[in-house]
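Only one structure is covered here, and it is reproduced in the block below.
Only the coordinates and a few stated rules stand behind these numbers; no lab work does. Model, not experiment: these values are computed from the prediction. All Cβ positions, even for glycine, are placed from backbone atoms using ideal geometry, and neighbour counts span all protein chains on display.
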Amino acid sequence: MVFSSGVFLFLFFPVTVIIYYSPLCRTLSIKNLWLLFVSLGFYAWGEPVYILLMLLSICVNYALGIWVSGCPKTKKGKGIVAAACVYNLSMLFIFKYLPWIAGMIAPQGENPLPLALPIGISFYTFQALSYVVDVYRGKEKAQRNIFNAGLYIAFFPQLIAGPIVRYGTVSRQLLERKHSFSLFSKGAWRFLIGLSKKLLLANQLAVIAELSFAREPSERSVVFAWAGALAFMLQIYFDFSGYSDMAIGLGKMFGFDFLENFNYPYISKSITEYWRRWHISLGEWFRDYLYYPLSLGPAVRLRKRLMGVVGRKTSGILSSVFVLFVVWMSTGIWHGANWTFVVWGFIQFVFIVWEQYRKPLKNKKAGAVLGFFSTFLVVLCTKVIFNADSLGAAIGYYASMLHLSGNHFMDSYGNYWIGQYKVFLAAGLLFAFPVMEGIGAWLERRSRKALQGWHGLQTLAMLCLFALDVCYAVGGGYNPFIYFNF
């Protein structure tokens, strides 16, 4: 079920809210049970078989959390955490990566292991695993109520495509949280923003991206190739940040407060900054559960072994590079079972390392301007390999962009579609930057009256957006979120 579908907007969500706030759900415990029930129903709508996998994940991680809580930071506790890693990552491996490996081994054209990828498995697996690890580290207390543990893992707003919610963020909210009209209205406002991003921008930009990537390299003009890459770059941002906005908004409506997952990544002046602004919950997950453990363990041992061979400074650099390599290759593989994601992860690693050890320009303003444009260009170009079906397709697309595939610089086909969707391309570029926040801040400095007028104009605009969203939701076809694939 998709948040932007008519079934969700006009059936599932209204029924869920009405019963949640009705006398039938008088206590918080009953409200949590109702949310768990509808969350499992939400998942079963699209994954009727793999709901069993979800239930198994809840039961296993609940039991492991209880078990490890009795022996935190001990040798036995380490063994339990290892068991949690083996179970959770093996489920991810079997359904996400084993078919890919089997396909590479099998003769061409055969599919020896036709397993469908359970929607959202990468998200809820990481979420469940982080819970067990945090209990082992003593950061969180184990959840004794299996229904609350199940709600944490399966809560429908962030179940399918994040953000990856840490247990510490919602542990107290599972037991006590506030409900108010003000909080509900803020959540509805945030949900509407995300819905508009998805229906009015991402889905429209997808047309240009899909048409461009579907063309043969020789038939794709240079201009259309760059337009397609830009369209996909904007599409994936509005698609994923739109989902995160809707998840955060839905959470607020039920009294939950989720952390932000995006912070205008396209204003970044380096790839490092970009990854602090893009998919923040995933970056923090890899930082806390992979980067830090590797830095405090294997990297220290590697540095000691290399110290006598290459010296103290070089050994420190090599051990740091080793950790970054593991993290970014893991990040690439997490996104999908394809060599394109492996190469994409390696490219991120190369730029991160280069930025870490390069000498900054003496002129800070020039460095900021150069950093912004170079980062924007790198992100734009790397989105090509991220979206390509294979490395060969990515190479062919790059050839079109560089006028190396015997293609035209411009043609009537590309010009027609760019002309049809130029408004969406322009709007996408505009709203990918904090323009609205900038206008609000400028008006606030001028006068309170002007700011009140601006807020009134925003309210009117949101009402118009809602009407447009309804039209697109009713008239549009099934268009799932991009990160459903991961």
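Given their separation in residues at 0.36 nm each and the Cα-Cα distance between them, Y357 and F37 gain 110.1 nm when the chain is fully extended. Packing, as the average of other Cβ atoms within 10 Å across residues, places the peptides 388-396, 127-135, 321-329 in the order 127-135, 321-329, 388-396, highest first.
The distance from the alpha carbon centre of the range 334-405 to that of the range 169-223 is 23 Å, rounded to a whole number. Is the shape of the range 209-273 rounded, prolate or oblate, going by the alpha carbon gyration tensor and its root eigenvalues a ≥ b ≥ c, with a/c under 1.5 for rounded and a/b larger than b/c for prolate? Because a/c hits 1.5 or more and a/b fails to exceed b/c, the range 209-273 counts as oblate. Counting every C-alpha pair in the range 245-358, the share spaced more than 25 angstrom apart comes to 34%. Take every pair of alpha-carbon atoms less than 8 Å apart whose residues are at least six positions apart; their mean separation over the length of the chain yields a relative contact order of 19 percent. Here's the picture: a label point sits 7 Å out from the Cα of C25 along the beta-carbon direction, and within the range 246-268 the residues with their amide nitrogen under 13 Å of it are 250-256.
With loop membership from DSSP and a limit of 11 other Cβ atoms within 10 Å, the longest segment of the chain without trypsin sites (Lys or Arg not before Pro) is 179-357.
Using r as the Cβ-Cβ distance of M329 and K422, and R0 as 30 Å, what FRET efficiency do you calculate, to the nearest 0.05? Each step should come with its number before you reach the end.
Numbers: r = 38 Å, r/R0 = 1.28.
The calculated FRET efficiency here is 0.20.
Under a model in which nothing but the beta-carbon of Lys, Arg (+1) and Asp, Glu (-1) is charged, the chain shows a dipole of about 2360 debye around its Cα centre.
From the square roots a ≥ b ≥ c of the eigenvalues of the alpha-carbon gyration tensor of the range 6-177, which class results: rounded (a/c under 1.5), prolate (a/b over b/c), or oblate? It comes out oblate by the Cα gyration axes. Here the sum of -39500 (n - 2.57) over DSSP H runs of 4 or more residues, divided by the residues of the chain, equals -22500 deg cm²/dmol at 222 nm, to the nearest 500. Residue order for I164, I267, I105, fewest other beta carbons within 10 angstrom first, comes to I105, I267, I164.
How do Y237, Y21 line up, fewest other C-beta atoms within 10 Å first? Before the final figure, lay out the partial values.
On the way: Y237 25, Y21 14.
Listing Y237, Y21 from fewest to most nearby Cβ atoms yields Y21, Y237.
If R0 equals 35 Å, the separation of the Cβ atoms of L465 and E216 corresponds to a calculated FRET efficiency of about 0.40.
Applying a DSSP loop filter and a limit of 13 other Cβ atoms within 10 Å to the GluC sites (Glu not before Pro) in the range 191-273 leaves E260. By the rule of a C-alpha distance below 23 Å, with chain neighbours fewer than 8 residues away ignored, the lysines paired with K96 are K383.
Out of every Cα-Cα pair that the chain contains, those further apart than 32 angstrom amount to 47 percent.
The stretch between W339 and M410, if pulled fully straight at 0.36 nm per residue, gains 22.5 nm over its current Cα-Cα span. Is the range 107-241 rounded, prolate or oblate when judged by the Cα gyration tensor, a ≥ b ≥ c being the square roots of its eigenvalues, rounded requiring a/c under 1.5 and prolate requiring a/b larger than b/c? Oblate shape, in that a/c is at least 1.5 and b/c is the bigger or equal ratio.
One chain, two ends: K178 and I395. Fully extended at 0.36 nm per residue, the span grows by 72.9 nm beyond their Cα-Cα distance. Placing unit charges on each Cβ (+1 for Lys and Arg, -1 for Asp and Glu) gives the range 111-239 a dipole about its Cα centre, and among L234, L115, F184 the Cα reaching farthest toward its positive end belongs to F184.
Loop-located chymotrypsin sites (Phe, Trp or Tyr not before Pro) in the range 358-442 (DSSP state not H, G, I, E or B) with no more than 11 neighbouring Cβ atoms inside 10 Å: F409.
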